Amino acid sequence: MYSPVFTMVEVFKTNVEQTSHAEKLAALLRLHFPGSKVNFDLEDCDRILRVEGQSFAPDKVQMLVAAHGFSCTVLE
């Protein structure tokens, strides 16, 4: 029986400004959510963090980013 696989996409507003911080956070998030695509757009005014994958929890993403001293809120 075929069971569809759903991909979630969540976009967050952050206060990450430096590429080095974005790279470290992205690596951390990929470690916690294997198989997910994680990227930042620091050129955007909201300094976007985009997470795409089959199994991640937006609240855990926010918690992990906050634990490293940055704000992270779901962009509506």
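All of the numbers you see were taken from the coordinates with simple rules; none came from a lab. Note that the coordinates shown come from a computational prediction; the quantities given were computed from them, not determined experimentally. Cβ sites come from the backbone with ideal geometry, for glycine too, and all protein chains shown count toward neighbours.
Helices in the chain, meaning DSSP H runs of at least 4 residues, each add -39500 (n - 2.57). Divided by all residues, the mean residue ellipticity at 222 nm is -10000 deg cm²/dmol.
Taking amide hydrogens as placed 1.01 Å from N in the peptide plane, the amide H of F70 sits under 5 Å from that of no residue at least 5 positions away in sequence or on another chain. Where Lys and Arg each count +1 and Asp and Glu each count -1, what net charge lies around F33 among other residues with Cβ under 13 Å from its Cβ? Residues close to F33 contribute a combined charge of +1. Here the 3J(HN,Hα) profile of segment 29-36, calculated from phi with Karplus coefficients 6.51, -1.76 and 1.60 at θ = phi - 60°, is 5, 5, 5, 6, 10, x, x, 8 Hz, Gly and Pro shown as x.
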